[in-house]
Structure formats: structure tokens, C-alpha cells
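Below is one structure, written out as C-alpha cells; the observations come after it.
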Amino acid sequence: MEYVVLLRAVNLGKRNQVNMGVLRTLLAENGYRDVETILNSGNVLLKSDQTPLKIKRHIATLISDRFEVSTEVFVLLKEDLQKSVLTYQFDSLNENQIAYVCILEKEIELHLPFTIKHIDLNHQDGTIVFCLGNVGEGHTSFPNDLIEKKLEVKCTSRNLQTIHRILKA
């Protein structure tokens, strides 16, 4: 099966450094096939016959052991992410909006739409939540910490452009 693996909060400035080339090699040496990294922000494509939970735990351990970094690992079937992204279309965006895809650690019931700070949560497909960020007032990124606190579930996010780039790889 082909998976998308997303690492939360790696390679942000000088903290949580995970070299993507080294990670690619490490994953291949540990039985993952067709390993590819996209950008430097913790996006990995790979093939495996393991379950997502086993992949998540294994990769988290490998990263901790090799890089001494503790990070949340999110694993999705590439096909499921692709279907979800193709099914939900954002309305046209203006220059003050950024489309985000937020991945939750587990599925929770959300009563959408609602807004947290400068993020509008609009649509949910299982653990995948589509959001619009309103740029302005100094806001330029997705507030994972705030979302986690409000929803009481771990998450990671990528802008829609990055998700499309991952899916095209």
C-alpha cells in the first residue's frame, strides 16, 4: 500500500532537525519501499504492507533514535487523502486566505463550520479537516497548538499547495 507520512513540527528553524535525505535512507534500510520526501517539512511517501499504526510507531521510534527528535507521525493511505482532496473543493480564495488541510490523530465529531482564532474549519472527511486561514493581523501560519488545545486531539497541517505537491509525486 502507498502511504503519506506527515511529521509534525520538524525542521522549524534550528529545532527538531530531521535531515530528509538521511530519513529517506533510514526508512529504506528499515523495509519501506519507494521512499520519497517532498520539501523539507516532514512529508514522506512510501510503500509498506504494515498497518498505519505500526508504521506510525516504527517511524516515530526511528526518528527518535536517529535524530533525537520527538515528533508526532501521521500516516494516511495516499488514495484516501487523494479522494478526500478531490471530493472537497474550496470556494475561490482571495489574496487574504490560505487553504489548509489539517490531519487529526483520530476522528472526532466536529460541528462545522466554526472558527478558531484566524482559521475557519469548513469540512471534515474522517481525520481530514479542510480549513481556510485568514492572513492578516500578523497571522501567517496554521496554529496547530491552538487547534490541538481546542479540539483535544493531536494534529498536523499542510497548506493545500503542499498537499497537491505530495499527491502529484
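The values are calculated or read from the model by the stated rules, or taken from the named source; none is laboratory data. These figures come from a predicted structure and were not determined experimentally. Ideal geometry is used to build each Cβ from the backbone, glycine not excepted, and the neighbour counts take in all protein chains shown. Ligands, DNA and RNA are stripped out before the accessible areas are found, and what is left, the full protein with its side chains, is counted by its heavy atoms. Shrake-Rupley method; radii C 1.70, N 1.55, O 1.52, S 1.80 Å.
Worth a mention:
- Heavy-atom accessible area ranking, 1.4 Å probe, most first, across His58, His111: His111, His58
- Computed over the chain: relative contact order in percent, which uses C-alpha pairs under 8 Å that are six or more apart: 22
- Semi-axes of the equivalent ellipsoid for the range 1-48, computed as √(5λ) from the eigenvalues of its C-alpha gyration tensor and ordered from largest down, come to 20, 11, 7 Å.
- Gyration tensor over the Cα atoms of the chain: the corresponding equivalent ellipsoid has semi-axes (square roots of 5 times the eigenvalues, largest first) of 27, 17, 15 Å.
- Intensity falloff of the range 1-90 expressed as log10 I(q)/I(0), Debye formula with alpha-carbon point scatterers, at q = 0.10, 0.12, 0.17, 0.25 Å⁻¹: -0.24, -0.35, -0.68, -1.33
- Ordering of 67-75, 82-90 by packing is 67-75, 82-90, highest average first (other Cβ atoms within 10 Å, averaged per residue).
- When +1 charges are put on Lys and Arg Cβ atoms and -1 charges on Asp and Glu Cβ atoms, the dipole computed for the range 1-62 relative to its Cα centre reaches about 320 debye.
- Translational diffusion coefficient of the range 63-142 (Stokes-Einstein, Kirkwood radius from Cα pairs, 37 °C, 0.692 mPa s): 229 µm²/s.
- Within the range 1-123: Cβ-based charge dipole about Cα centre, in debye rounded to nearest 20 (Lys, Arg +1; Asp, Glu -1): 400
- With 21 Å as the limit on Cα-Cα distance, the pairs of Lys47/Lys168; Lys14/Lys117; Lys56/Lys154 that go past it are Lys14/Lys117.
- Sequence-separation-based contact order of the range 73-137, relative, with Cα cut under 8 Å and 6+ spacing, percent: 33
- Apportionment of accessible area to carbon and sulfur, the range 54-154, percent (1.4 Å): 44
- 1.4 Å probe accessible area per residue over the chain, in Å²: 54
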